[in-house]
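The values are calculated or read from the model by the stated rules, or taken from the named source; none is laboratory data. Owing to the predicted nature of the structure, the values given are computational and were not obtained by experimental measurement. Don't worry about glycine lacking a Cβ; one is built from the backbone with ideal geometry, like all the others, and counts go over all protein chains shown.
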Amino acid sequence: MEEDELKEYAEESLKEGYSKEELQNILEEEGFNEEEVEGVLTKVDEEKYGQSLGNPITRLDLKDDSYKVVQKLVRNKYKVFNSDNELVLKASQKMFRAKEDYSFKNGGDEPVFNVKAEQILDFSGDYTLIDAETGEAFAVLEKEFTLFQHAWKVKTPNGAYVADIKSRGSVLDFLRSFSEIFSLVPHKYTVESPEGDELGVIQGEFGLKDEYSIGIKKSGDMPKEALIAAAITADALEGD
């Protein structure tokens, strides 16, 4: 079977409901080697989601599964550290409520990706994440308006829906939006695939500093770096 035929077979099988893991096992049992099968499935994904599955952020290496986020009590600064306690991202949170466009910078103070809102104070709408060097979009955050839950959809630049970011959903989440007192209670979000599989968690902790972790175990149908950046951005926009 030629590569184009194999790719067409893979596309049809996925449309019929086979998972990528099931399809990979079937093809390997039929004699195709693992590298060949993975290459074809990667091409199918790249065409489906309109982007490469490699790292889409030129000046940022998000290879870890978990990151520590620290906010000052007055919530002016937002910093992200990797497992070696190195500063990998930073931003000024006051910008999130006053501008349509703003940047996340790396530890060397270089812009690494920009966030573009449709409009100032866009309470329910889209935010596009754009690589600062190439100018290419790599993710879109769509805020869903709900009273008792913070909820975001993560999409690829061509609109394919790949993940949800949701708070625990309670009266406490509603109160956190209106009072700094309730914001002292740690927040928790889950990152899930459209099928409901858990991809990661954003978990707060009690303390004088607002400090918590963002962990992504797997990224589903999106580059891992893109999903981590989307989770970090959604959390920063919520101002939790």
Residue 122 vs. criteria in the same structural domain as residue 7 (by TED's automatic domain parsing), under 24 Å from residue 152 (Cβ atoms) and modelled with pLDDT under 75: no
Residues located in the range 104-118, provided they are of a type in the set (Lys, Arg) and either assigned to a loop (DSSP other than H, G, I, E, B) or modelled with pLDDT of 90 or more (or both): 105
Conditions (1) of a type outside the set (Asp, Glu); (2) under 30 Å from residue 85 (Cβ atoms); (3) at pLDDT below 75: number failed by residue 49: (2)
Out of 60, 23, 27, sole residue that is modelled with pLDDT of 70 or more, in contact with a Ser or Thr (Cβ under 6 Å, 6 or more places away or on another chain), surrounded by 13 or more Cβ atoms within 10 Å (Cβ to Cβ) and not assigned by TED's automatic domain parsing to the domain that holds residue 216: 23
All strands (runs of 3 or more DSSP E) inside the range 131-234 with 1 or more residues being at pLDDT below 85: 137-144, 161-167, 188-192, 198-205, 210-216
Any hit, the range 82-103, residues being modelled with pLDDT under 75 and farther than 28 Å from residue 159 by Cα: yes
